[in-house]
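J.: One structure is given below, represented as structure tokens, and several questions about it will come after.
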Amino acid sequence: MKVVLISGAVTGSNTFTVLKALQKELNQQAPEAEVTLLDLRNLNLVFSDGRDFREYEGDTRLVVETIMAADALIFGTPVYQAGISGALKNVLDLLPARALADKVTTAVITAGSPHHFWIADYQLKPILAFMKATLLPATLFVESKDIIDHQIVTDEIKTRVKRLAQDLILTTKSYQAQLQLLEDELF
């Protein structure tokens, strides 16, 4: 099982901090899984211009190929201007419309206030659904007050990180097993 986490922030560290905690939890719960964390702060991506994803080069190609090869994805974004980051939207725009078919996905949203709680449901999940992702019902919303010195300090958030990792692993394994059964029946 390949799990990819995408930190869709080009500044700040809260989104990366939460995804790093999720990566650690995923590695503990599913040591057999290949877990990759893509941090957009450290990558040089071009803007989507509508070409086929295989025509991009460098970091852009690395990101799209890593996403296309994943079985499960966690998209993380800070809230900017009451929306997902432009950097994350660009990553999604680089992909073909059905890029997330048969991939289990969920979202991590970080924000400075609870007013942005619905960003995952109103902005990110519709895009992921359009791209044919299998959406986990649960997402993770983390406020700035829950992170101090690059550490999650709120017990509830720590618990929710563990639970989201469990849900993602269980759902991905179940989904992959069902896909294999279907493939076995067809071939």
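J.: Averaged per residue, what accessible area in Å² does the range 1-66 show with a 1.4 Å probe, protein chains only? Could you put the intermediate results ahead of the total?
T.: Working: 3360 Å² over 66 residues.
Using a 1.4 Å probe on heavy atoms only, each residue of the range 1-66 averages 51 Å².
J.: In what order, largest first, do Tyr175, Tyr80, Tyr56 sit by accessible area if the probe radius is 1.4 Å? Let's see the in-between values first.
T.: Values: Tyr175 65, Tyr80 85, Tyr56 5 Å².
The most accessible residue leads, giving Tyr80, Tyr175, Tyr56.
J.: A further question on this structure: So which residue, out of Asp167, Asp149, Asp121, gets the largest mean-square fluctuation from a GNM of the chain using Cα contacts under 10 Å as springs?
T.: Its mean-square fluctuation being the largest, the pick is Asp149.
J.: Here is a follow-up. Can you give the extra length, in nm with one decimal, that the chain gains between Phe130 and Asp155 once fully stretched, where that is 0.36 nm per residue apart less the Cα-Cα distance?
T.: Details: separation 25, 0.36 × 25 = 9.00 nm, distance 3.41 nm.
So the chain would gain 5.6 nm between Phe130 and Asp155.
J.: Ok, one more. Taking R0 as 22 Å, what's the FRET efficiency between Lys2 and Arg51 from their Cβ-Cβ distance, rounded to 0.05?
T.: Step by step, r from the Cβ atoms, then E = 0.35.
J.: A follow-up question, please. Whole Å is fine, so just give me how far the alpha carbon centre of the range 37-105 lies from that of the range 120-187.
T.: Computed from Cα coordinates, the inter-centre distance equals 17 Å.
J.: Separate question: If each DSSP helix of 4+ residues adds -39,500 (n - 2.57) and the sum is divided by the residues in the chain, what number results at 222 nm, nearest 500 deg cm²/dmol?
T.: -13000 deg cm²/dmol
J.: With 5 Å bins from zero, work out the P(r) of the range 1-46 over every alpha carbon pair and list the percent per bin.
T.: With 5 Å bins starting at 0, P(r) equals 6, 23, 30, 19, 14, 7, 2.
J.: Residues of the range 1-41 with amide nitrogen under 19 Å from the 7 Å Cα-to-Cβ point of Glu65?
T.: 2-6, 34-40
J.: Cut-off 10 angstrom, C-alpha nodes, Gaussian network model of the chain. Which of Thr11, Thr66, Thr36 fluctuates the most?
T.: Thr11
J.: Still on this structure: What figure in square angstrom, to the nearest 10, would you give for the accessible area of Asp93 with a 1.4 Å probe?
T.: Number for this one is 70 Å².
J.: While we're on this one: Which whole number of Å³ per residue matches the convex hull of the alpha-carbon atoms in the range 1-150? Write down the numbers at each step before the final one.
T.: On the way: hull volume 16.1 nm³, N = 150.
Roughly 107 Å³ of hull volume per residue.
J.: For Thr110, which sequence-distant residues (separation of 5 or more, or a different chain) have an amide H within less than 5 Å of its own amide H, given hydrogens modelled in the peptide plane?
T.: Result for Thr110 returns Thr77, Val79, Val142.
J.: To continue, here is another question. Could you pull the accessible area for Glu57 with a 1.4 Å probe, rounded to 10 Å²?
T.: 150 Å²
J.: Let me ask something else. Taking the chain as a Gaussian network, where each spring joins two C-alpha atoms under 10 Å apart, which residue of Gly50, Gly86, Gly76 fluctuates the most?
T.: Gly50
J.: Tally up the carbon and sulfur contribution to the accessible surface of the chain as a whole percent, 1.4 Å probe, everything protein left in place.
T.: Within the chain, the accessible surface is 53 percent carbon and sulfur.
The values are calculated or read from the model by the stated rules, or taken from the named source; none is laboratory data. Treat the numbers as computed from the prediction; the structure is a model and nothing was measured. Positions of Cβ are generated from backbone atoms using ideal geometry, with glycine treated the same way; all protein chains shown enter the neighbour counts. Protein only, heavy atoms only, side chains kept; ligands, DNA and RNA dropped before computing areas. Shrake-Rupley method; radii C 1.70, N 1.55, O 1.52, S 1.80 Å.
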